[in-house]
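Asker: Structure in structure tokens, see below.
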Amino acid sequence: MIVAIARFPRVPAERDEDFREWFAWSNLQLSETEGLKARRLLRSEEGAYVALVEHDSAETLAAMHATAKVAQIHERLAAVLPEGPHATRYDVVVDDAVEGSCCGGSRHGQHHEVAQPAPAHGDRAAETPADAPADAPAGCCHSA
């Protein structure tokens, strides 16, 4: 997997809404792109924007950037910002990230935590159902 981090120049306050709309529009344009796993817009506490882009491979990332859609996306960005982003590409060397789910995400088939009320004093805690992985915690998404 390849991850690219694209740092955008400062977005003037009066262009912030236009910039966010551009990013949402560009995601729609690229939604059918082969190899594109995710494309997210992040904002720091200081207001700086970066895009986090995940691709299957360097080849699928390069193929995407060679398309007319990407040229159109960059052209439309030029109407919002005076310069484009500066990107750095990273090879993912360890891909066992925890995805924040109840059972550890990818290790157990993408389970999703289900909010459950805390047991009242004297009640038994939520039980994990039989089809959940052996090491799944109580309250696993399988209990929903």
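The values are calculated or read from the model by the stated rules, or taken from the named source; none is laboratory data. Since the structure is predicted, the reported quantities are computational estimates derived from the model, not experimental observations. Note: ideal-geometry Cβ built from the backbone for every residue, glycine included; neighbour counts use all protein chains shown.
Asker: Could you say which residue among Arg20, Arg15 is assigned to a helix (DSSP H, G or I), basic (Lys, Arg) and within 20 Å of the chain's Cα centre (by Cα)?
Answerer: The conditions single out Arg20.
Asker: Quickly run through segment 44-59 and pick out the residues that are more than 13 Å from the chain's Cα centre (by Cα) and either surrounded by 16 or more Cβ atoms within 10 Å (Cβ to Cβ) or without any contact (Cβ under 8 Å) to a residue 12 or more places away in the chain (or both).
Answerer: Correct list: Ser44, Glu45, Glu46, Tyr49.
Asker: Okay, moving on. Does Arg76 satisfy the criteria of being out of contact with any Lys or Arg (no Cβ under 7 Å at 6 or more places or on another chain), at pLDDT 95 or above, in a strand (DSSP E or B) and not aliphatic (A, V, I, L, M)? Show your work before the answer.
Answerer: Values: out of contact with any Lys or Arg (no Cβ under 7 Å at 6 or more places or on another chain): yes; at pLDDT 95 or above: yes; in a strand (DSSP E or B): no; not aliphatic (A, V, I, L, M): yes.
For Arg76, the condition - out of contact with any Lys or Arg (no Cβ under 7 Å at 6 or more places or on another chain), at pLDDT 95 or above, in a strand (DSSP E or B) and not aliphatic (A, V, I, L, M) - is not met.
Asker: If you don't mind, another one. Taking Pro9, is it at negative phi, surrounded by 12 or more Cβ atoms within 10 Å (Cβ to Cβ) and touching a strand residue (DSSP E or B) at 6+ places or on another chain (Cβ under 6 Å)?
Answerer: The answer is no for Pro9.
Asker: Separate question: Taking segment 6-22, which residues are basic (Lys, Arg), over 12 Å from Pro82 (Cα atoms) and either in contact with a helix residue (DSSP H, G or I) (Cβ under 6 Å, 6 or more places away or on another chain) or in contact (Cβ under 8 Å) with a residue 60 or more places away in the chain (or both)?
Answerer: Scanning segment 6-22 gives a single hit, Arg7.
Asker: Right, another one. Give just the number: which of (1) part of a loop (DSSP other than H, G, I, E, B); (2) within 19 Å of the chain's Cα centre (by Cα); (3) of a type outside the set (D, E, K, R) does Pro82 not satisfy?
Answerer: (2) is the only condition that Pro82 fails.
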